[in-house]
Structures are given as structure tokens and as C-alpha cells.
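Asks: Structure provided below as C-alpha cells; questions to follow.
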Amino acid sequence: AKQAGKNGVRLYHPAMGEAAAERVDLERDLRQALDGQQFTLHYQGQFDGATGALQGFEALVRWQHATQGVLLPSKFIGMAEETQLILPLGVWVLQEACRQAAAWHAVAPRLTISVNVSAVQFEHPGFSAAVREALDRSGLPAGCLILELTESAVLRDPTAAAAQLTHLKRLGVRVALDDFGTGQSSLSLLHSLPIDELKIDRSFVQSANRVLLEVMLHLAQGLNLRVVAEGVETADQQALLRMLGCDSLQGYLLARPASAEDVRSLLIP
Ligand code: C2E
Ligand code: CA
Ligand code: CA
Ligand code: CA
């Protein structure tokens, strides 16, 4: 590496070049992956807080990279958003998740499927049409599809978000606010938007801060929202959430994300 000059400006650093080259590779690979069907969905169960019964699954995308093995979303969703490749990827995720859930309905009729929606997707004018198409093609009842949005997706433009949510609600789908508690959402926003569910971020669940969790659950119950706790890893966390009346639990303690085949053998033992 070149030494920083007297003025402190570094002209070149090899690590910088490498990082940039890696990004270019990743973008190229991402485009090929979409054509080459290298994406798969894993499914993590959500269980009734009181009875423990299976209620549904959250779909989580994985990339079976040609040379790097399985890549988790943290490795590529950001890049997919920057390049707008999240739009075709998001359509694929929606269609695949709906298709899979509709197939499971033959043995487990009321299971819900929760799909993560990026802000870039949500803000795209074609989004509600894409949702409708995924429902039509799969035959999945709209009420079984839950779209998970983050607070930031909704907050970037609350007026546009409200309009988009109205379109989606007309289709009959449900909407969840993901990672709740980590963002900036105000009480009035929660009250004014047509949201059905709050997903309490795992940082709160894992802090096991009883007062905080109690406040969040009371708030949700007051607003008539279903509450899902994510990242439940211990029996103590589960017991606390159950005592506080949490509707639904999700986390490694109950089930890890699993392939479609593994879910199938779980549903049909
Ligand atoms: P998220 O929506 O908050 O999803 C939950 C993440 O927590 C998943 O990570 C899941 O595997 C992990 N998790 C579940 N239970 C536990 C637990 O008990 N402990 C811990 N430590 N982690 C747990 P994953 O699959 O790596 O996904 C990360 C994020 O990537 C998701 O966070 C979501 O924001 C995003 N993502 C995943 N799939 C999609 C997708 O299809 N589209 C979009 N736009 N984003 C996606
Ligand atoms: Ca989620
Ligand atoms: Ca989450
Ligand atoms: Ca998260």
C-alpha cells in the first residue's frame, strides 16, 4: 500500500480495489443467479403462543451460489436493492412462497405464509399487481398471505405508503410491521395505517426485558394487532411471552428455517 501523503490523502489502497471488484462480481453473479434459478426459499415455523400449534411459516430467501455455497440474505439483499434486481427477485419470492403454501394447504388448510418485502419493492407502482398475480396463479387464499414490511419502508413516504397499503388490503392480504421497536414509528402512524400484525424484533425478545415487552404487547392489543415475537431462543423467553399473551412465537427454540422438503415431511409424517 502507498503511504498516506503529507496532506493525509490516501491515493490508493489495495483493500479498496478488492472490495469494489467483489461488488462488481456479486452484481454480475446476482444477475446470472436470477436466470439460473439459484435461489431457494427456506421456511421457519410460527407457533401459537398459548397452544404451541403450528400457524404458518415465514419464507426466507437463500442463494445457492455457484462457487461460494449458500449465501444468506445479509450478503446480497442490499446489492439487489441498489441494482433494482430486488424487483424480479421479489416477484420470484412472492410467487414461489404462494405456490408452496397453496400446495401445503392440501394437508394443512389454514397455514399462513409470511413474505419479506423490501422498501424498493413496496414503493414500486407494480407491487400490488404482482401480489395479485401471485395469488391468482397459486390459488392461495389472500387471507393466508402476510406481507412483512419494515418501519423504514413505511416511513420513507407515509402518504404513498398509506395508498399502497390500501391497494394491498383490498386484495385481502394481511400486513405485518417487521423488526418492530428498532425503527422510528410513532403511535399515530401505527394507529392510522391498516396494519394487522407487529413482529417484535429479536433484540427485545432476547433482552427479556419484561417491562418493555409488556408495554409493546399492551400497545398491540390496544390497537387490535396480532403480535409475533421473533428470535425466541430459550424456554425462559418463551414462558415470559406466553405469560404476556403473545399471539405467536418464532425462533430457533421452536424451529429453525428449513427447506420445503423438510417442511413437507413435517406436515406429512
Ligand atoms: P427478518 O425478516 O427479521 O428474518 C428473521 C431472521 O432471523 C432470519 O435470518 C432468520 O433465519 C433469523 N432467525 C430466526 N430465528 C432466530 C433465532 O432464534 N435467533 C437468531 N439469532 N436468528 C433467528 P435470515 O434468513 O438470514 O434473513 C435475514 C433478513 O434478510 C431478514 O430478517 C429479512 O429482513 C431479509 N430477508 C430474508 N428473506 C428475504 C426476502 O425474501 N426478501 C427480502 N426483501 N428480504 C429478505
Ligand atoms: Ca421478516
Ligand atoms: Ca424481523
Ligand atoms: Ca431483522
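Asks: Mind giving me the FRET efficiency for Ala19 and Leu254? R0 is 41 Å, r the Cβ-Cβ distance, nearest 0.05 is fine.
Replies: Values: r = 38 Å, r/R0 = 0.92.
Efficiency for this residue pair is about 0.60.
Asks: Take region 176-269, compute every pairwise Cα distance, and split them into 5 Å bins from 0; I just need the percent in each bin.
Replies: Final binned percentages: 3, 13, 24, 22, 15, 11, 7, 4, 1, 0.
Asks: Between the helical axis of 73-82 and the dominant principal axis of the chain, each derived from Cα atoms, what acute angle in degrees is found, rounded to the nearest 10?
Replies: For helix 73-82, the angle is close to 70 degrees.
Asks: Report the per residue volume, in Å³, of the convex hull enclosing the C-alpha atoms of the chain.
Replies: In the chain, the Cα convex hull volume per residue is 174 Å³.
Asks: Further question: I need the P(r) histogram for region 7-124: all alpha carbon pairs, bin width 5 Å from 0 out to the longest distance, whole percents.
Replies: With a bin width of 5 Å, the distribution comes to 2, 10, 17, 18, 15, 12, 9, 6, 4, 3, 2, 1, 1, 0.
Asks: Between Asp196 and Ala208, what is the label-point separation in nm under the 7 Å Cα-to-beta-carbon projection?
Replies: Output for this residue pair reads 3.3 nm.
Asks: Determine one quarter of the surface area of the Cα convex hull of region 113-269, which equals its mean projected area, and express it in nm² to one decimal. Before the final figure, lay out the partial values.
Replies: Details: hull surface 39.9 nm².
Here the figure is 10.0 nm², rounded to one decimal.
Asks: Rule-of-thumb check for region 109-158: C-alpha Rg over 2.2 N^0.38 Å? Mind showing how you got there, number by number?
Replies: On the way: Rg = 11.9 Å, N = 50, 2.2 N^0.38 = 9.7 Å.
That works out to 1.22 for region 109-158.
Asks: If you take the C-alpha gyration tensor of region 150-205, multiply each eigenvalue by 5 and take the square root, what semi-axes do you get, largest first, in whole Å?
Replies: Working: eigenvalues 75, 34, 15 Å².
Largest first, region 150-205 gives 19, 13, 9 Å.
Asks: Put +1 on the Cβ of every Lys and Arg and -1 on every Asp and Glu Cβ in the chain; which of Gly69, Ser114, Ala53 then has its Cα farthest towards the positive end of the dipole?
Replies: With unit charges placed on the Cβ atoms, the residue in question is Gly69.
Asks: Something else: Rounded to a whole number, what is D in µm²/s for region 80-203 from Stokes-Einstein with the Kirkwood radius over alpha-carbon pairs (20 °C, 1.002 mPa s)? Kindly include the intermediate steps, with their values, before the conclusion.
Replies: Values: Rh = 14.8 Å.
For the chosen part, D equals 145 µm²/s.
Asks: For the Cα atoms of the chain, what angle does the longest principal axis make with the long axis of helix 86-104, in degrees from 0 to 90, nearest 10?
Replies: Taking the Cα atoms of the chain, the angle to 86-104 is about 30 degrees.
Read-outs throughout are calculated quantities, based only on the coordinates presented, and are distinct from any laboratory measurement. No experiment lies behind these values; they were computed from the predicted model shown. As a convention, Cβ positions derive from the backbone with ideal geometry for all residues, glycine included, and neighbour counts pool all protein chains shown.
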